[in-house]
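Peer 1: Pasting in a structure now, in structure tokens, and then I'll have a few things to ask.
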Amino acid sequence: MKHDVVIIGSGLAGLSAAMELVGNLDVAIVTKVYPSRSHSGAAQGGVAAAVANHEKDDTPDLHMYDTVKGSDFLADQDAVEYMVNAAPDTIIKMEKLGCVFSRDGEQKIAQRAFGGHSRKRSCYAADRTGHALLHVLFEQSMKHKKNLTLYNEYYLLSLIYKDGVAKGVVVMDSKTGKIDIIYAKAVMFGTGGYGRAYNITSNAFSCTGDGIVAAYRAGLPLEDMEFVQFHPTGLYQQGILVSEAARGDGGYLINGKGERFMEKYAPSVMELAPRDIVSRAEQTEINEGRGIDGKDYVYIDLRHLGKEKILERLPQIRQLGIDFVGVDCIDNPVPIQPTAHYSMGGIPTTLDCRVLADVDGTIVKGFYAGGECACVSVHGANRLGTNSLLEACVFGEKAGRTILEDIASLSHEDINEEDEKSVVKKRIDNIFASPGTESTNAIRNELKINMTNNCGVYREKSKLETALSTVKELQEKFKNSKIADKSKLFNTELQEALELQNMLEFSELIVKGALERTESRGGHSRTDYPKRDDDNWLKHTFVSKQPDGSIELKYKPVTITKHQPVERKY
Amino acid sequence: MAVKFVIQRFDSEKDSAPRMEEFNLEIPKGATLLDCINLIKWEQDGTLTLRMSCRSAICGSCAMRVNGHARLACKTQAVDVVTDNKVVIAPLGNFPVIKDLVVDLEPFWASLERIDPWLKPNESVKWERERLQTHDDEKLIDDASTCILCASCYSDCNVMEVDKNYMGPATLAKAQRFVFDTRDVKTKERLDQLNELTGIWDCTHCAECSTRCPTDTKPLARITELKARSMEHGYSNSAGSRHVLAFRESIPGKYPGTGGGLINENYIPPRSLGFFNIPALIGILPVGIRMMIRGKMPPLLPHTIEKFDEIKRMFGRFKEYLK
Amino acid sequence: MKYALFTGCVAKGAGRELLTATMIVADKLGIELIDMKDASCCGAGVVHEDNPRLADAINMRTFSLAEEQGLDIITICGTCQGVMRRVQIRCEQKPDYMKEVNAELKKDTGREYQGKVKVKHLYEVIAEEYGFDKLAEKVTKKLTGLKVGPYYGCYALRPHESSDVSVPDRPEMLEKAIEAVGATVVKWESMQKCCGFPILMPNKTNSLALAGNVLNGAVEEGADCLVTPCPLCHLNLDSYQPEIDSLKAEIPVLHYPQMLALALGASPSQLNLDSHIVQAAKIMESVKA
């Protein structure tokens, strides 16, 4: 199998990149699901762009400042500037492709408020914006079918990377278990995040960091892995997302004493504070016994919005409440808790989506990344709501354009197929052949509980140390795990085991980065180091795997252009 | 609650026929059906195979048949589908099964591609900004645009069971989303295709699609809208559209003897098939003769209701009602 | 008990035996039926494919006629019942829309629908208001030994929101009536599938394949006959049996009121049972006296 470009991941980033390339190059997309099943579709509340439909004084500059401030000043400001400037055109392009946006009174794309944004700039399609964007690109992929090969339900096993060059990928056809090599002049990753390692998470089963780990195993660094966003409104116990639009449209957060507790934490913007702040506020209320009935949840109350507004603007989240916790938000407050939601860290890239090989800016030839799996970094320590869909669209498209620029200088490289296959086959054979006794399910559960409890909203040294030793124990246990399904045909048990292996690998990196970073910034909050420490920590973490298997940590300065760090208050 | 999960098992490489296997499970409080199936997979039998992803009813992966009907496992509270202490789970219908609850979805995607499921705007008009669309116009495509392509409708569609060439409910709902999109200009081409055999007129109104649809897409309602839009555009090239015309003419008795408030059942078949469509007319002769023999033929002169003029007036203002 | 009877077109056309049986049942059970002589066709779902507001309007006109009579409506056609329920639900859910259509209706007829009429099919009235116990008491000729397949038809069951059956995927209203008249219920896998009638004109091949699926399933489970509350299902399932190549054996199809009437003592000839294409009169032979 050979293509000019192979894109791993069929979410917004991967499809956006593909749309730039179809017709010009021979493009293939590899996805472990089907494009319409990608997790981009789960994003609800909107996509940020200063199109200034709702508030005429909005500008990309304001969007930039909000994003930088929201990131707790860890975002690279050149990247943010690029994204916010590209945002309006990107949204308008999506509209032109046919995206069904909600409309305002002037027939333009409607916009709503979102946490951390100083203007109403979230363009939306009711509360299923990700779905609307994803499906319009899926439609376009069918339009360009002749020029686009889709490898649906193919699982990424490894990145083929040698001597500074990415040459292709090793994949497994889920339907047959067959392992194949795809040669490509350019490899692009849009493989999504790594939130699945948490017990309470909004992430799909598919968000197991496969791409991130493939890059890491190949010897490439990962950036800012310790920054995981906890979304304040996950449905109690299920973790399923209640869109931030629920707060954007006026929802109240209520504790066990019936108080709108956000007035203690962010008096000027209340519920519309950024997610890290609201999640911490909730966790504090819960930890101090002010959860509902003293339990580990609080309420989001939408009743005052009225039936009509809820049905018009929040129909999906109403249905989720009914289906998953048996609560109709028209009549009752909905029980919620912080849920692992977004991975700020990932594969480091340049502004142009070229993957970085080190902190010095060395570029990997033929390797590109965009969207949640990448760390460009536009979100720094905390992402603002509605900036993720934007990032995926903007940088997916950018990756495509960069590949077009680079392609002339790229070629199909020789690959030692047997070597490449044998590495992954060994991994699979170990799983198949293991006479083990450990249940993969038990290992997975233990990992998830460990990560939520010891490396969650609030972190501290001793807990992180426990987290680290637990992850290492579980890595050892995994070597002695067992699976029942030894067949080739659609072996989801094998795939889940491979995904678990990935989660065990990256979880260590999250914890490691968190342990080293002795400050609190954005989504990373240390109770033993409660203050942000710009003198020592205004820098990105780079972790990479050493030949002996150990983890090397290095740091890279933050790019600051327009906005000097100041205290972050709302 | 301790419940028996009866799950269809099948390995297309090894088995000649599916078998049902029973698993006992204590349903945890608040567990979705997907949670339960996963508990069985993770704790009892790792070979049990299914698709799943988002857990929040937006990706459409975990559609399967529960007690005989398609639904999303993640969107279903397990206790809600227990009957006689039992839940019966099978793969989606109308698809070849690959393994256990995993079916070969290729026919579904292939059907979708038939209708060019992408916007075809007027390329000659350049918009600097977004194209404008009123809130009301957006509403026309709002329901269809909620489709998650889970294939529940395709699974339970009755016509699909007897005719794999039928476009199927999801595809037709997707077509509605473009026909009714004020930004799409290929309405005529789209309606032409939809009015052919295997299109909208082949829907038998069984309403399985809308009943099983986990979103607001409700394909039957969309198909009905497409039919109405076709009639507005004057289509009469199919027996389906002429059947509609037959009702339009028969109820108000447009021509003498065609109806009297109630329809004249003698008028409907030839009008639908075409008065000059001799082979089709010959095709309905046997049933006509059978009914005549049994004395079942409707009276030649239609039954006329007492205040027939009211109905005539209403149909006389057909266009005003269309607004 | 007194109702306005909405017969629908078939009971006054190709299925007059349905009306005959209905009147006998009503008489035997003491249900007073006033024929709505002014009522028009419900549109059978077909007019809704042409002009939805006009289709709603002709039904709202029918409802207003019943309001004038001060009676609720009883239907004897599953399709009419389903179509009319859907109109009622639209009126309930969208009062503004109802007002708009009423305004049009008023222009043409001077009538308005007030939203006060209930529409129930005979089998629902028997189930919910008359009662199966009372029905069983009135039975003079138990249909003992007769194996009956209940066939509701799509409009009675789906979409669930417009079905009056409490658990539409597991309905009991016909089953209990079958038991009340002393017969035995036969269930089969395809019992809730479509009979194919709506596509008889556009696609006869598919239509008859659907009918064949329904009939064959019942035959395989050993049913002596089917009973249906929908005369359109009856048309496809009965009249076309000779043309269904895949059919494993002929099987008679009874209208719901015919089954009741037989048990209430009416004779096959009174009911004109031999008007069916597949001879329904014969099934009486299997009934033990």
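Peer 1: Mind checking B:128-140 for the average number of partner chain beta-carbons within 10 Å of each residue's beta-carbon?
Peer 2: The mean count of partner-chain Cβ atoms within 10 Å per residue comes to 6.
Peer 1: For each of C:34, B:98, A:483, count neighbouring Cβ atoms within 10 Å of the residue's Cβ, then give the residues from fewest to most. Before the final figure, lay out each step's value.
Peer 2: Working: C:34 13, B:98 22, A:483 18.
Ascending Cβ contact count within 10 Å gives the list C:34, A:483, B:98.
Peer 1: Now, a different point. Fewest first, what order do B:293, A:109 take by the number of other Cβ atoms within 10 Å?
Peer 2: Exposure proxy ranking, most exposed first: B:293, A:109.
Peer 1: Whose amide H sits under 5 Å from the amide H of residue A:256, counting only residues 5 or more places off or on another chain, with H placed in the peptide plane?
Peer 2: Distant-sequence amide H within range of residue A:256: A:291, A:292.
Peer 1: Straight-line reach from residue B:4: which lysines fall under 25 Å, measuring Cα to Cα and dropping same-chain residues less than 8 apart?
Peer 2: Correct list for residue B:4: B:29, B:41, B:75, B:86, B:99, C:187.
Peer 1: What's the magnitude of the charge dipole for chain C around its Cα centre, counting Lys and Arg as +1 and Asp and Glu as -1 at the beta-carbon? Answer in Debye, nearest 20.
Peer 2: 220 debye
Peer 1: Name the residue farthest towards the positive end of the dipole of the protein assembly as shown from the options C:263, A:468, A:416, assuming +1 on Cβ of Lys and Arg, -1 on Cβ of Asp and Glu, about the Cα centre.
Peer 2: C:263
Peer 1: A follow-up question, please. Looking at segment A:10-100, which trypsin sites (Lys or Arg not before Pro) are DSSP coil and have at most 15 other C-beta atoms within 10 Å of their C-beta?
Peer 2: Listed in order of number, the matching sites are A:56.
Peer 1: Do any GluC sites (Glu not before Pro) in segment B:1-102 lie in a loop, going by DSSP, with at most 16 other beta-carbon atoms within 10 Å of their beta carbon, and if so which?
Peer 2: Those that pass, being in a loop and sparsely packed, are B:13.
Peer 1: For chain C, list the DSSP H helices whose alpha carbon atoms reach 24 Å or more along the long axis and whose average Kyte-Doolittle value is -0.5 or above?
Peer 2: Membrane-span-like by this rule: C:52-69.
Peer 1: Rank-order B:300-309, B:54-63, B:148-157 by packing density, defined as the average count of other C-beta atoms within 10 Å over each peptide's residues, highest first.
Peer 2: Most protected by this proxy first, the peptides run B:148-157, B:54-63, B:300-309.
Peer 1: Another question about this same structure. For chain C, what does the relative contact order come out to in percent, with C-alpha contacts under 8 Å and a separation of six or more?
Peer 2: 19 percent
Peer 1: Let me ask something else. Which value in nm describes the separation of the simple spin-label points at residue C:100 and residue B:318, placed 7 Å from the Cα toward the beta carbon?
Peer 2: 2.1 nm
Peer 1: Hey, got the dipole for segment A:468-537? About the Cα centre, +1 on K and R Cβ, -1 on D and E Cβ, debye to the nearest 20?
Peer 2: The dipole of segment A:468-537 has a size of about 200 debye.
Peer 1: Counting only C-alpha contacts under 8 Å and six or more residues apart, can you give the relative contact order of segment A:58-209 as a whole percent?
Peer 2: Relative CO of segment A:58-209 lands at 12 percent.
Peer 1: Sticking with this one: Students often get this wrong, so check it: of A:463/A:531; A:512/A:569; C:248/C:282; A:448/A:569, which have C-alpha atoms separated by over 24 Å? Present the calculation step by step, with values, prior to reporting the outcome.
Peer 2: Details: A:463/A:531 18 Å; A:512/A:569 28 Å; C:248/C:282 18 Å; A:448/A:569 32 Å.
In this structure, A:512/A:569; A:448/A:569 exceed 24 Å between Cα atoms.
Peer 1: Another one. Once amide H atoms are built 1.01 Å from N in the peptide plane, which residues 5 or more positions from residue B:32, or in another chain, come under 5 Å H to H?
Peer 2: Here B:78 satisfy the definition.
Peer 1: So if R0 is 30 Å, what FRET efficiency would residue A:332 and residue B:79 give, r being the distance between their Cβ atoms, rounded to the nearest 0.05?
Peer 2: Once the sixth-power term is evaluated, E becomes 0.95.
Peer 1: What lysines does residue B:254 reach when the alpha-carbon gap must be under 23 Å and sequence neighbours fewer than 8 apart in one chain are set aside?
Peer 2: Within reach: B:227, B:307, B:312, B:319, B:323, C:12, C:37, C:106, C:107.
Peer 1: Right, next: Along the positive direction of the dipole of the protein assembly as shown (beta-carbon charges: Lys, Arg +1; Asp, Glu -1; about the Cα centre), which of A:258, A:449, C:11 reaches farthest?
Peer 2: C:11
Peer 1: Further, regarding this structure: Using a 4.7 Å Cβ cut-off, which Cys residues in chain B lack a partner cysteine?
Peer 2: B:36, B:62, B:74, B:147, B:150, B:157, B:203, B:213
Peer 1: If you don't mind, another one. For residue A:201, list long-range residues whose amide hydrogen, built 1.01 Å from N in the peptide plane, is under 5 Å from its own amide hydrogen.
Peer 2: Result for residue A:201 returns A:340.
Peer 1: Among A:270, A:302, A:325, whose Cα lies farthest out toward the positive end of the dipole of segment A:232-338, if unit charges sit on the beta carbon of Lys, Arg (+1) and Asp, Glu (-1)?
Peer 2: Going by the Cα projections, it comes out as A:270.
Peer 1: Which ³J(HN,Hα) values in Hz, rounded to whole numbers, follow from the phi angles of segment A:183-196 under the Karplus curve 6.51 cos²θ - 1.76 cosθ + 1.60, where θ = phi - 60° and Gly and Pro get x?
Peer 2: Values per residue, Gly and Pro as x: 7, 8, 5, 10, 10, 10, 9, x, 9, x, x, 10, x, 6 Hz.
Peer 1: Next up: Counting only C-alpha contacts under 8 Å and six or more residues apart, can you give the relative contact order of chain A as a whole percent?
Peer 2: Result for chain A is 21 percent.
Peer 1: Suppose every K and R has +1 on its Cβ and every D and E has -1 on its Cβ; what is the size of the dipole of the protein assembly as shown about the Cα centre, in Debye to the nearest 20?
Peer 2: Computed charge dipole of the protein assembly as shown: roughly 1820 debye.
Peer 1: With respect to the cross-link table entries B:139/B:218; A:120/B:120; A:120/A:398; A:365/A:421, which display a Cα-Cα separation exceeding 19 Å?
Peer 2: As for pairs spanning more than 19 Å Cα to Cα, those are A:120/B:120; A:120/A:398; A:365/A:421.
Peer 1: Checking the cross-link filter: which aspartates and glutamates have an alpha carbon closer than 19 Å to that of residue C:142, excluding same-chain neighbours under 8 positions apart?
Peer 2: Partners within reach: C:27, C:133, C:175, C:179, C:224, C:285.
Peer 1: Something else: Most exposed first by the Cβ proxy, i.e. fewest other Cβ within 10 Å, how do A:341, C:255 rank?
Peer 2: A:341, C:255
A short reminder: the numbers here are calculations on the coordinates, not readings from a lab. The model shown is predicted, which means the values in this text are computed figures rather than measured ones. Please note: Cβ atoms are built from the backbone with ideal geometry, for glycine as well, and neighbour counts cover all protein chains shown.
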